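Working notes, beginning with the structure itself.
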Amino acid sequence: MTRLHSQKSAPRRARRVVEGHFVGTGRRVAIVVARFNEIITRHLLEGCQGMLLRHGVSPEQIDVVWVPGSLEIPTAAREIARRKRADAIVCLGCVIRGETAHYDHVCRETARGVAEVGRRTGVPTIFGVLTVDTLEQAIERAGSKMGNKGAEAALAALEMADLLKRL
Ligand code: INI
């Protein structure tokens, strides 16, 4: 008879479980924010800064870097990471399908570029760029009924910065 839970196949306990906490004290965070669709991105920025401050990041430790559009975000983020100016970088932008024929291109290149900065430099680089069909959807995600993507991105940045220190 086959034993369902033999000694061999029984799941083993992890030796160590590691996870990041939302620690803001002493952390340096850079926010790279696109001016394109600023009517939305400044609300993402507010949400992001508010969340960082609530978790103990000091205002002097937050740098805000404006770029023309989402496509320029990875270039600025990479430079910040390369110069070791931050423990985490939050990238904020808003791409609206209705407004552009090159929506897919902007979304794909921005997402790819942001992910690449994180992977190549080891500095957590968080994608807080809205990619939506309409302005209304953007408004919903910039501080109204669907929350604030900038605030969510701030939490991800704090968690990842803390996680990397623990690994
Ligand atoms: N940039 C955005 O951040 N959002 C957009 O919706 C957008 N549209 O619609 O084109 C956009 N385009 C500009 C782009 O990011 C660059 O700034 C531009 O192509 C210059 O490189």
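The values are calculated or read from the model by the stated rules, or taken from the named source; none is laboratory data. Keep in mind the model is a prediction, meaning the values are calculated, not measured. All Cβ positions, glycine included, derive from the backbone under ideal geometry; neighbour counts span all protein chains shown. What goes into the accessible areas is simple: the full protein's heavy atoms, side chains included, and nothing from ligands, DNA or RNA. Shrake-Rupley method; radii C 1.70, N 1.55, O 1.52, S 1.80 Å.
See the values below:
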quantity: Residue-count net charge about SER144 - beta-carbon cut-off 15 Å; Lys, Arg +1, Asp, Glu -1; calculated: 0
quantity: Set of aspartates and glutamates with alpha-carbon distance to LYS149 below 15 Å, sequence-local pairs under 8 removed; calculated: GLU38, GLU46, GLU136, GLU140
quantity: Gyration tensor (alpha-carbon) shape descriptor, segment 29-166, a/c threshold 1.5; calculated: oblate
quantity: Which of MET146, MET160, MET51 is most accessible, then next, and so on - probe 1.4 Å; calculated: MET146, MET160, MET51
quantity: Global geometry of segment 112-167, whether rounded, prolate or oblate, following the gyration tensor of its Cα atoms and the 1.5 cut on a/c; calculated: oblate
quantity: Under 13 Å, Cβ to Cβ, from ALA81 - net charge with Lys/Arg +1 and Asp/Glu -1; calculated: +4
quantity: For the chain, calculated [θ]222 nm from helices alone, where every DSSP H run of n ≥ 4 adds -39500 (n - 2.57); calculated: -13500 deg cm²/dmol
quantity: Relative contact order (%) - criterion: Cα under 8 Å, at least six apart; region: segment 48-154; calculated: 33 percent
quantity: Segment 29-166, accessible surface, carbon-and-sulfur percent (1.4 angstrom probe); calculated: 51 percent
quantity: Net charge, GLY122 excluded, C-beta distance under 13 Å - Lys, Arg +1, Asp, Glu -1; calculated: +4
quantity: Heavy-atom accessible area order for PHE22, PHE127, largest first, 1.4 Å probe; calculated: PHE22, PHE127
quantity: Within segment 141-164: backbone nitrogen closer than 16 Å to the VAL18 label point (7 Å, Cα to C-beta); calculated: 159-164
quantity: For segment 29-166, accessible area per residue (1.4 Å probe, heavy atoms of protein chains only), Å²; calculated: 49 Å²
